[in-house]
Amino acid sequence: ADAFSARGSGGNIIFISPSHDLVVVAQTSSLQEMLEQMPQAMPNVVIMSLTMPTRPAFEALREMKRRHSAVPAIVLSLYHHDEYALHALDAGASGFLMMEHAQEQLVETVRMFVLGGTIPHAQFSAI
């Protein structure tokens, strides 16, 4: 769990595939890198932090979902505002976790999406 939560911070985007349990198949630090690497990495799940260095996170999430609509995206956030979770949902996020809860919840959430599950609305976020 530590590797996933640590790599999910600081604007990084993580791609996960399920071989050998969970494997980080790529890591990027910008939307452009993410869009370039997704076809080769073929992730089953993408983990994004709310803030990214090259574009606002919600715009980046919308673009990713436009190009790769079937890939679930989990958004990590330092912010404790319900409006951020709602904006993330509107932009196409499949899950929204607070960074402070990521260590306990991230690996379980990723596994759930790799298996094709969804997060019930009441449990969408630990906000």
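For this structure, a couple of remarks:
- Region 104-127, residues that are in a helix (DSSP H, G or I) and modelled with pLDDT under 75: 121, 122, 123
- Among (1) of a type outside the set (Asp, Glu); (2) assigned to a helix (DSSP H, G or I); (3) open to solvent by 30 Å² or more (accessible area, probe 1.4 Å); (4) out of contact with any His (no Cβ under 8 Å at 6 or more places or on another chain) - the single one residue 58 does not satisfy: (4)
- Pick from region 67-89, criterion assigned to a helix (DSSP H, G or I) and without any contact (Cβ under 8 Å) to a residue 12 or more places away in the chain, ranking: surrounded by the fewest Cβ atoms within 10 Å (Cβ to Cβ): 83
- Residue check for residue 47: touching a strand residue (DSSP E or B) at 6+ places or on another chain (Cβ under 6 Å), at negative phi and at pLDDT below 85: no
The values are calculated or read from the model by the stated rules, or taken from the named source; none is laboratory data. As the structure is a prediction and not an experimental result, all values here were calculated from the model. Counting neighbours? That spans all protein chains shown, and the Cβs are built from the backbone with ideal geometry, glycine included. Please note that ligands, DNA and RNA were not included when accessible areas were found on the heavy atoms of the full protein model with its side chains. Shrake-Rupley method; radii C 1.70, N 1.55, O 1.52, S 1.80 Å.
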